[in-house]
Structures are given as structure tokens and as C-alpha cells.
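K.L.:
What follows is a single structure, and I will ask about it in a moment.
The values are calculated or read from the model by the stated rules, or taken from the named source; none is laboratory data. Keep in mind it's a predicted model, so treat the numbers as computed, not measured. Counting neighbours? That spans all protein chains shown, and the Cβs are built from the backbone with ideal geometry, glycine included.
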Amino acid sequence: MHAVLLADIGNSQLGISLATQTSRLATIHLPSATESAVIQDAITSMLSAAKAHVSCAYISSVVPEVAKRFTSLCSEAFGCQTLFVPKDIPIPLASTYQSKGLGSDRLLACYAAKTHAPKAQACIVVDMGTAITIDVLKEDTFLGGFILPGPKLFAKVLHDETAQLPLVEPTVMETFQIGQSTETCIRYGISLGVIAMLSGLIARTKAWIRVPSVVIATGGFAQAFGQQEFFDAVYPDLVLDGLFSCIQACTRTTIS
């Protein structure tokens, strides 16, 4: 069976899907710093299970060095070409963004939101990873949004930029309570602070949009924070969803 690879290369996480023309067969997640040999073994296992071989890899990346290694791996280990979004494959969205530094992951997540909520007049996409991005799609146009530190980045900065604060692993608070040790003060502060920050920004963004909107969470922390009442849906792999939909819409390559 003919298939393609889809790769979402983020600052912390690498998501890889095996796909045909009509469906995604399997998806794996690895740290972005994973050695090429380990990535090769993981892809080989997917191919073996699906009895498939690949001819092309479609990549969205915000980490050039990891993208370079992944491109070499695809060529040397699997003999397939690599195409990048949006350099080689355009993302069919209009945009009013005024910077050339717009990450493909933000556009793809919004494009996927549009496919998941086709009747929505506007979508607010919250991608929770190393950074938190809040992006607005209205009437098929990407308007921009906000970029904030993610939970782990908050924890790291508190540790790195102070003399005695420990490095803690962020967790999500199910109920409100105050910390009674330095560790819990940091942990609860980050969790409740992120929730309050998102709640406020989403509410103000909805008021600014002035049309009914759907709020979608994605990214590594999406499942953990996704139960908050201000989210309407959670799609952990929204960038891969968007990459798959984009390829379906923008290429004529037969991959099934």
C-alpha cells in the first residue's frame, strides 16, 4: 500500500502520522530531540504494521535543525522526498498577519479548526505546548492572536531566574486551593494562573470578534486543561489534522 508521512515538528514534541488519501492510519509522538535512529525504528514499525511504503513526507516545522535531520532521515532511510508547508504546499487560508515569522503550525491548526467546525463563524484555537498560542480564524481569514509561555516554560523560568526556587512539574488543579509549601505554591500558581489567563483572554477575544465562535484546544497540554468550561472541543493533534486536510485540498498526488 502506498502512503505518506505527515510530520509536525514542534519545540518539544514531534508528531508523525502515516496516511493514505482518505485516512490517517497511525500516529506517534516523540520528543523533538529524539535521535534519528529511534525515529527511524518508530516509523519502520508503523510501516510494517500497515504493510505500507512511503514516497513522500509532508512537514510542518518550527525547529529548522530538527527539520533538517528529519529530511535527511526520510531520504536516506526511506528513499522519499520531503515537502514543506507552506513553502512547497500552500495553506488555503487568507491572512491579515503582518509578519513573515508566522509559524505553519498556527495556520494549520486554524485550517483544521475550520474543517472540524465548518459551520462556525469564527474559531479560537488554543495550542498549549512549550508556548501557548491563541489564534483567531474568522470567515476563513487568519487574523492573528497571542503568544504566551506554556506551563513548563513558566516553571523553568521561575527556577532558572531565581536563586532558590525549585523546578517543579506543572499539574492541573481540579479545584481551587492555595499552596502550603514552595513547591505547591509554584505548581498551583502556574496551573491556576494559566487557567485564569486563558479564561480572560478567550472572553475578551470573543467580545472583540463579535460573532459566535468555537474555542478549540490542542497541543501537549490540551488534554490536561481541556476540561475547562471555556473550551468547546479538544483535538490533541490539530496541526496534523490540518496538515492532512491541507494535503488533501492542495495536491493531486495519488497516495492510496
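K.L.:
Is there any pair linking a residue in the range 212-234 that is in contact (Cβ under 8 Å) with a residue 24 or more places away in the chain to one that is part of a loop (DSSP other than H, G, I, E, B) and surrounded by fewer than 18 Cβ atoms within 10 Å (Cβ to Cβ), with Cβ under 7 Å and at least six apart or on different chains, and which?
P.N.:
P212/Q121; S213/Q121; V214/D232; V215/F230; V215/D232; I216/D232; G220/S12
K.L.:
Which count do you get for residues in the range 86-134 that are of a type in the set (D, E, K, R) and farther than 18 Å from D8 by Cα?
P.N.:
3
K.L.:
May I pose another question? Tell me, yes or no, whether the range 111-120 has at least one residue that is surrounded by fewer than 17 Cβ atoms within 10 Å (Cβ to Cβ) and in contact with a Ser or Thr (Cβ under 7 Å, 6 or more places away or on another chain).
P.N.:
Within the range 111-120, one or more residues are surrounded by fewer than 17 Cβ atoms within 10 Å (Cβ to Cβ) and in contact with a Ser or Thr (Cβ under 7 Å, 6 or more places away or on another chain).
K.L.:
Scan the range 137-149 and tell me whether some residue there is under 20 Å from S60 (Cα atoms) and either more than 22 Å from the chain's Cα centre (by Cα) or of a type in the set (V, I, T) (or both).
P.N.:
Yes: the range 137-149 contains one or more residues that are under 20 Å from S60 (Cα atoms) and either more than 22 Å from the chain's Cα centre (by Cα) or of a type in the set (V, I, T) (or both).
K.L.:
Just one of I202, I186, I216 is part of a strand (DSSP E or B) and either under 17 Å from P151 (Cα atoms) or at pLDDT 95 or above (or both); which is it? Quick ask: steps written out before the conclusion?
P.N.:
On the way: I202 fails: part of a strand (DSSP E or B); I186 fails: part of a strand (DSSP E or B).
Being part of a strand (DSSP E or B) and either under 17 Å from P151 (Cα atoms) or at pLDDT 95 or above (or both) holds for just one of I202, I186, I216, which is I216.
K.L.:
Taking S75 as the residue in question, decide whether it is closer than 29 Å to L18 by Cβ, of a type in the set (S, T, Y) and assigned by TED's automatic domain parsing to the domain that holds T44.
P.N.:
Against the criterion (closer than 29 Å to L18 by Cβ, of a type in the set (S, T, Y) and assigned by TED's automatic domain parsing to the domain that holds T44), S75 qualifies.
K.L.:
How many residues are touching a residue at least 12 places away in the same chain (Cβ under 8 Å), of a type in the set (D, E, K, R) and within 14 Å of R69 (Cα to Cα) when one looks only at the range 1-46?
P.N.:
1
K.L.:
Mind listing whichever residues of the range 138-168 are in contact with a Pro (Cβ under 9 Å, 6 or more places away or on another chain), in a loop (DSSP other than H, G, I, E, B) and without any contact (Cβ under 8 Å) to a residue 60 or more places away in the chain?
P.N.:
Scanning the range 138-168 gives a single hit, D140.
K.L.:
Kindly indicate which of K68, K100 is under 30 Å from I147 (Cα atoms), free of Cβ contacts under 8 Å to residues at least 60 places away in the same chain and in the same structural domain as G219 (by TED's automatic domain parsing).
P.N.:
On inspection, the qualifying residue turns out to be K100.
K.L.:
Same structure, new question: Any residue that is surrounded by 15 or more Cβ atoms within 10 Å (Cβ to Cβ) and charged (D, E, K, R) - is there at least one of those in the range 16-32?
P.N.:
Yes, the range 16-32 contains a residue that is surrounded by 15 or more Cβ atoms within 10 Å (Cβ to Cβ) and charged (D, E, K, R).
K.L.:
Can you confirm whether A112 is outside the structural domain of Y58 (by TED's automatic domain parsing) and among the small types (G, A, S)?
P.N.:
Criteria met by A112.
K.L.:
In this structure, does F146 turn out to be assigned by TED's automatic domain parsing to the domain that holds L192 and either closer than 15 Å to G10 by Cα or surrounded by fewer than 19 Cβ atoms within 10 Å (Cβ to Cβ) (or both)?
P.N.:
yes
K.L.:
Do any strands (runs of 3 or more DSSP E) entirely within the range 23-137 hold 1 or more residues that are under 18 Å from V214 (Cβ atoms), and if so, which?
P.N.:
It comes to 122-128.
K.L.:
Could you please find all residues in the range 84-97 being without any contact (Cβ under 8 Å) to a residue 40 or more places away in the chain and surrounded by fewer than 16 Cβ atoms within 10 Å (Cβ to Cβ)? Give the derivation first.
P.N.:
Of all residues in the range 84-97, those without any contact (Cβ under 8 Å) to a residue 40 or more places away in the chain come to 84, 86-88.
Within the range 84-97, K87, D88 qualify.
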